[in-house]
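Single-structure report; data block below.
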Amino acid sequence: MSITNGPMPDDATGLRKTSRLGALLQRSEAARGFTLLSPTLFIMAVGILVPIGILVVMSFWTQVGFGFDTTATTANYQMAAERPIYGALLRRSLWMSGMATMATVILSYPMAYFVAFHVHRNKMMWIVLITLPFWTSYLLRVFAWKVVLGYHGVINSALMNLGLIEAPLEFLLYSQSAVVITLAHAWAAFAILPMYVSLEKIDKSLLEAATDLGDGPIARFLRITLPLSLPGVISASLLIFIPTTGDYITPTLLGGPDGAMIGNLIQKQFGAINNWPMGAALSIILMLSIGAIAVSFMLIANFVRKRIS
Amino acid sequence: MDVIDQLGSLKEGKLSRRKFTTSLMAAGIGVMTTPLATRKAGAAAADQGTFFTWGGYDIPELFAPYKEKHGELPNFAVFGGAEEALTKMLGGYVVDVSHPCNSGIPRWIASGLFQPIDTSRLSNWADVMPELYDLKGNIVDGKPYLAPFDWGQTSITYRTDMFEVEGEESWDMLWDERYKGRLGSLASGGDAWWCGAIKAGVPLTEIDTPDAFEKIAAVMRAQRPLIRLYTDDTTTLEQALASGELVAAMTWNSSAALLQADGVPVRFAKPKEGALTWVCGLMIHKDAPNLDLAYDIIDSLLSVESGKFMISDYGYGHSNIKAFDGFDDETLQGLGLSKTPADILAGGHFQIPQSQQWETKMNTLFEEIKSGF
């Protein structure tokens, strides 16, 4: 308002101002960097920091009927420590997604290795082919596994037709293993791509040198390829472990009573149980545990890498 | 601007930069405005009312009068349990009409999210059975908040060819050790906890006592290792019953009716302890963006056509007394229904509204039990 109504600013001062700002930007590299980052920083602040702030504040409240008692209390955290369900579900979630992460990385590594070292033409097409199954929705893939593992599903029908089993195997569906299998498949693309990138970057002359110096294929893999591809393995592991720990769709559909994870309980707190502060406290506990595990994993991996390389 | 001419000059490399930019702009404007044009032509679904309901009610058969009037179906949003729906709306989700049940009425009204119904705007209201809307807490200052729509029972659907009933049908069937790992249950405490109360012999009027909590929790804990699957998705239960993965499950009337229609040998049990009975209905959101359409949605659901479909295909009771006219007593009895719903409602165990604190406490405990604690 004041700009349109007030007197026009003096051209000369306006110019000087911009040039001074410009000079400041020119001089400080950090300032230039932050200016370039500012849109991203803004989205990070609005989209991540503010919600996490709300979550932290809310976790110290208590639910009263439909409203909140906003006096700060650690009652939610005390309850999470005292009642066995929360710790047990958290441990189970970490265990299950740890298993899923290991399975995914171990199964995906050979694929990434193959594409990086043994495919010489049309690499892009191979990558596209590998990621092709992931163009369908996550939910559809989970349902597909329900069909595969189901009571009259693909595996059970096949085994029964072959005469190997009399009655359908019941442990296939609605169990922890069903969740682990599905997670391992659903997240494979996120493991293959980073591992492929770090394998692809390995200088082939190093491998030739190792062969020249007398290393067999296995020693060469263990001493050159594996250590050099560890960054890819680490990022793949974190990329899978972090989101799968809080997953709730897969255990809801495939987990059964014994396969529920902490994500299911958090969702219930915000839904049927209607205790949002408790849900917030559980989310924060989950975030902290994942953070602690991720950091220690990275430290161990770095240590191992230094030792073997 | 002649398109052919432009393409020709482009081929010859003669298209001037200005002309090229002009055609680009024309194309851009064309692309931008296309969605506007189709939006107008299609009488977008955004102009319809939104019905936030249980899965299975989002079907054209229940909205014939609505479709006749507006040419399209309302928009649907689906929930698995009424508690989940209420929390979603408390979180700011605005719909036109939602679908709670009798046990939730006082709490839903207390949430301040709903408006009383002006019954003069419903052409079918005169035929609605009064005992269905004269429910505890429903009528405030002479106006009902809930327009009753469907009523029925929560009981056991079991495979007559696979489940051997010992003596009379009873809730013990869902606690039968012989069928460990072949039994299923609804996951929502709104059904399962109340059925647990019936099984434990706790009168529903005393469900809010520490003693009742203890007794019901013990019963639910005993049942948990026997259950293969807790779910709010009735389709999952029906498929599992159809394939024989489950031999008995806690369901509503519709699961048994749908499976029987498919030729699956199932029966909807009449447990000797009594089944759990409920009435569900429609409430209008206080900020309903399409209030007129909200009344049309309700009127359509209360119509005789919808009622006949509910009775014949889903096996639920309907609130419109005229909907029962086409059915003889024997058919109704087979479905566990009656033209005088008071008989059925009084014969079973009718859910009693509880406080929000009770709901939170019960759901917290039931979740722990379902997870094995």
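If you plug each phi of the stretch B:216-231 into the Karplus form 6.51 cos²θ - 1.76 cosθ + 1.60 with θ = phi - 60°, what whole-Hz ³J(HN,Hα) values come out, in order, with x for Gly and Pro?
5, 4, 4, 5, 5, 5, 5, 7, 4, x, 7, 8, 7, 7, 9, 8
In units of 2.2 N^0.38 Å, what is the alpha-carbon radius of gyration of the stretch B:260-352? Intermediate results must be reported in sequence, preceding the final value.
On the way: Rg = 15.6 Å, N = 93, 2.2 N^0.38 = 12.3 Å.
Against the compact-globule rule of thumb, the ratio is 1.26.
Given H placed 1.01 Å from N in the peptide plane, which residues other than close sequence neighbours of B:GLN351 have an amide H under 5 Å from its amide H?
B:THR277
Choose one answer from B:GLY80, B:GLY92, B:GLY71: the residue with the largest mean-square fluctuation in a GNM of chain B with alpha-carbon springs under 10 Å.
B:GLY92
If amide H atoms are built 1.01 Å from N in the plane of the peptide, which residues on other chains or at least 5 residues away come under 5 Å of the amide H of B:HIS318?
Under 5 Å from the amide H of B:HIS318: B:TRP151.
Quick one: longest stretch of chain A between exposed loop trypsin sites (Lys or Arg not before Pro), exposed meaning at most 14 other C-beta atoms within 10 Å and loop per DSSP?
Details: sites that count: A:ARG121, A:LYS201.
Looking at chain A, A:1-120 is the longest stretch - no exposed trypsin sites (Lys or Arg not before Pro) with at most 14 other Cβ atoms within 10 Å.
Can you run phi through the Karplus equation (6.51, -1.76, 1.60; θ = phi - 60°) for the stretch B:256-266 and list ³J(HN,Hα) in whole Hz, with x for Gly and Pro?
Each residue of the stretch B:256-266 in turn: 5, 4, 5, 5, 4, 4, 7, x, 7, x, 10 Hz.
Taking the stretch B:303-370 as the region of interest, what is the percent of Cα-Cα pairs per 10 angstrom bin, listed from the shortest bin to the one with the maximum distance?
Using 10 Å bins, I get a P(r) of 19, 35, 19, 23, 5 for the stretch B:303-370.
Hey, can you grab everything whose amide H is under 5 Å from the amide H of B:PHE114? Only 5+ residues off in sequence or another chain; H modelled, so Pro and N-termini drop out.
The answer is B:LYS286.
Using only helices, what value at 222 nm comes out for chain A when you add -39,500 (n - 2.57) per DSSP H run of length 4 or more and divide by the total residues, to the nearest 500 deg cm²/dmol?
-22500 deg cm²/dmol, from helical runs alone.
Among the trypsin sites (Lys or Arg not before Pro) in the stretch B:145-222, which ones are in a DSSP loop with at most 11 other Cβ atoms within 10 Å of the Cβ? Mind listing them?
The qualifying sites are B:LYS180.
Which translational diffusion coefficient, to the nearest whole µm²/s, is obtained for chain A from the Stokes-Einstein equation, given a Kirkwood hydrodynamic radius over C-alpha pairs, 37 °C and 0.692 mPa s?
Details: Rh = 24.0 Å.
So the translational diffusion coefficient is about 137 µm²/s.
Rounded to the nearest Å, what's the spacing between the alpha carbon centres of the stretch A:55-122 and the stretch B:113-190? Just the number, please.
Here the two parts' Cα centres lie 37 Å apart.
Given only helices, namely DSSP H runs of n ≥ 4 each adding -39500 (n - 2.57), what is the per-residue ellipticity at 222 nm of chain B, to the nearest 500 deg cm²/dmol? Could the numbers behind the result be given before it?
On the way: 15 runs with 152 residues, N = 373.
When only DSSP H runs of four or more count, the value is -12000 deg cm²/dmol.
Expressed in nm², what is the orientationally averaged projection area of the convex hull enclosing the Cα positions of chain B? Don't jump to the answer; show the numbers that get you there.
Values: hull surface 103.2 nm².
Its Cα hull, projected and averaged over all orientations, spans 25.8 nm².
Report, to one decimal in Å, the Kirkwood hydrodynamic radius for the protein assembly as shown based on all distinct Cα pairs.
29.9
Take the alpha carbon atoms of the stretch A:191-207, find their center, do the same for the stretch B:272-326, and report the distance between the two centers in whole angstrom.
Comparing the Cα centres of the stretch A:191-207 and the stretch B:272-326, I get a distance of 63 Å.
Every number in this text was worked out from the coordinates using simple rules, so none of it is lab data. The structure presented is a predicted model; accordingly, all values stated were derived computationally and were not measured. All Cβ positions, glycine included, derive from the backbone under ideal geometry; neighbour counts span all protein chains shown.
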